[in-house]
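Notes for the one structure printed next.
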Amino acid sequence: MPTEARWFVKTSLICLVLASVMGTVQFGWGALFDNAPPHFLRPLHLHLATVGWLINMVFGVALWMFPMPKGATREFRPRYPRGAAVACYLALNLGLALRFVAEPLGSPALGLACGVLQTLGIGLGALILWPRIRAIIPPVSAAIPQKPGP
């Protein structure tokens, strides 16, 4: 599994556990405290589950498992541009981390920065994966019907 794919998948699993804990705390808040949970926990939980877990997992598995681009080899032309994958990972996850500062503060400017970083990360991921989405063309011998022998 390529290094960047492992980063995405491991980050995804960490976010899944954190999202589960955060969801449990929200659901059980009334049993622990006399007041309602803070309003910012819901969007944080949502982003942790969707961006943190789901999108990281999708990008990690896609980088690893999607067909190699046409003409790619392990030695001379890699599966994807490594710098773009690192930029995608950083933008997506720095945007997510920044959201944990922006939501409790209620800062629209930080919220915009989070959204821009996450959108940039998602856009980069789509650009990296786009050339790898193609039909598998069967070998010529498999496409030509064989005549039965005598």
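The values are calculated or read from the model by the stated rules, or taken from the named source; none is laboratory data. Only a predicted model underlies this, so the values are computations on that prediction, with no experimental measurement involved. Cβ placement follows ideal geometry from the backbone for every residue including glycine, while neighbour counts extend to all protein chains displayed.
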Log entry, pairs with first residue in region 71-100 being at pLDDT 75 or above, second being in a helix (DSSP H, G or I) and basic (Lys, Arg), beta carbons closer than 9 Å, six or more apart or on different chains, reads Arg79/Arg132; Tyr80/Arg132
Of the conditions (1) within 18 Å of Gly52 (Cα to Cα); (2) modelled with pLDDT under 95, the single one that Val140 does not satisfy is (1)
Subset of region 82-139, residues over 24 Å from Glu4 (Cα atoms) and part of a loop (DSSP other than H, G, I, E, B), comes to Gly106, Ser107, Ala135, Ile136, Ile137, Pro138, Pro139
Going through region 15-39 in order, the residues found to be touching a Phe, Trp or Tyr at 6+ places or on another chain (Cβ under 9 Å), hydrophobic (A, V, I, L, M, F, W, C) and under 20 Å from Ala102 (Cβ atoms) are Cys15, Leu18, Ala19
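Scan region 81-101 residue by residue and report those that are among the aliphatic types (A, V, I, L, M) and surrounded by fewer than 22 Cβ atoms within 10 Å (Cβ to Cβ). Explain how you work it out, then say what you get.
First pass over region 81-101, keeping only residues among the aliphatic types (A, V, I, L, M): 84-87, 90-92, 94, 96-98, 101.
Hits for region 81-101 are Ala84, Val86, Ala87, Leu90, Ala91, Leu94, Ala97, Leu98, Val101.
Is it the case that region 41-58 has a residue that's among the charged types (D, E, K, R) and either part of a helix (DSSP H, G or I) or in contact (Cβ under 8 Å) with a residue 60 or more places away in the chain (or both)?
Step one: filter region 41-58 for residues among the charged types (D, E, K, R), giving 42.
From the residues that got through so far, the ones that are either part of a helix (DSSP H, G or I) or in contact (Cβ under 8 Å) with a residue 60 or more places away in the chain (or both) too are 42.
Yes, because at least one residue in region 41-58 is among the charged types (D, E, K, R) and either part of a helix (DSSP H, G or I) or in contact (Cβ under 8 Å) with a residue 60 or more places away in the chain (or both).
Quick one: in region 26-41, which of the residues that are surrounded by 14 or more Cβ atoms within 10 Å (Cβ to Cβ) and of a type outside the set (Phe, Trp, Tyr) is nearest to the chain's Cα centre (by Cα)?
Taking region 26-41 and keeping what is surrounded by 14 or more Cβ atoms within 10 Å (Cβ to Cβ), we get 26, 29, 37, 40-41.
Applying the additional criterion that residues be of a type outside the set (Phe, Trp, Tyr) yields 26, 37, 41.
On the way: Gln26: 24, Pro37: 28, Leu41: 21 Å.
Among those residues, the one meeting the criterion is Leu41.
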